Amino acid sequence: MTINMFNVGKIINTHGIRGEVKVLRISDFDDRFQTGGILYLDNNKGEPLKLVIDGHRIHKGYDLLQFEGYHNINDVENFKGLFLKIKEEQLTELDDNEFYYHEIIGCEVHTTDDRYIGKIKEVLSPGANDVWVVKQLKGKDILVPYIEEVVKSVDIDAKNVTIEPMEGLLD
């Protein structure tokens, strides 16, 4: 039986000599990295390594985490470049019109007049709203802002998104 796991961060470096790691957050949920929380390290060796957070702080826009039993730089040096994950049962219930990135990526995008645009390949979070990166069959990727005026419907089960392109979006 495979367990569905989802990325919430990527360890990009160590920090200091006491076992802290610098994490690039891939989650909108601030509580993912709270002390006492459980994360899994995808070490690409089969069973993910279970980690319990025993220290968290923000430093220069990054999350710095420390894990129980890992209090020396040598303990975490080999974590660099690896992803921190959560299990499916750790996912938080979302409000209406909120989606997890893994639900949006892979959805097909059509216009309200039923023109096929492409598939969502990535979600960016640059500021006030997410931006969905749509890979077209030909040409450059299209950046679709996730705002009410543009995204008209999202059907996660059918993996389909309908948009009303604003002026210049498809040019």
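No value in this document is a laboratory result; all are computed from the given coordinates. What you see is a predicted model; the values in this text were computed from it and never measured. Here the Cβ positions follow ideal geometry from the backbone for every residue, glycine too, while neighbour counts run over all protein chains shown.
Listed values, structure above:
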item	result
Value of Rg/Rh across the chain [Cα atoms, Kirkwood radius]	1.05
Gyration tensor verdict on segment 112-159 (Cα atoms; rounded if a/c is under 1.5, prolate if a/b is larger than b/c, oblate otherwise)	oblate
Given Lys22/Lys45; Lys60/Lys80; Lys50/Lys80; Lys80/Lys159, the pairs whose alpha carbons are separated by over 24 Å	Lys80/Lys159
Added length on full extension, which subtracts the Cα-Cα distance from 0.36 nm per residue, Glu167 to Lys45	39.1 nm
Relative contact order for segment 1-122, counting Cα pairs under 8 Å that sit 6 or more residues apart, in percent	28
Added length on full extension, which subtracts the Cα-Cα distance from 0.36 nm per residue, Glu98 to Ile147	16.5 nm
Spacing of the two label points (7 Å from each Cα toward its C-beta) at Glu108 and Lys159, in nm	1.0
Under 17 Å from the Cα of Lys152 - lysines, other chains or at least 8 residues apart	Lys119
Helix-only CD estimate at 222 nm, as mean residue ellipticity for the chain, using -39500 (n - 2.57) per DSSP H run (n ≥ 4)	-500 deg cm²/dmol
Ranked list, fewest to most other Cβ atoms within 10 Å of each Cβ, for Arg115, Arg32, Arg25	Arg115, Arg25, Arg32
Model label zone, Arg18; criterion: amide N under 14 Å from point 7 Å along Cα-to-beta-carbon; scope segment 64-87	64-73
Calculated P(r) tail over 20 Å for segment 5-88, as whole % of Cα pairs	20
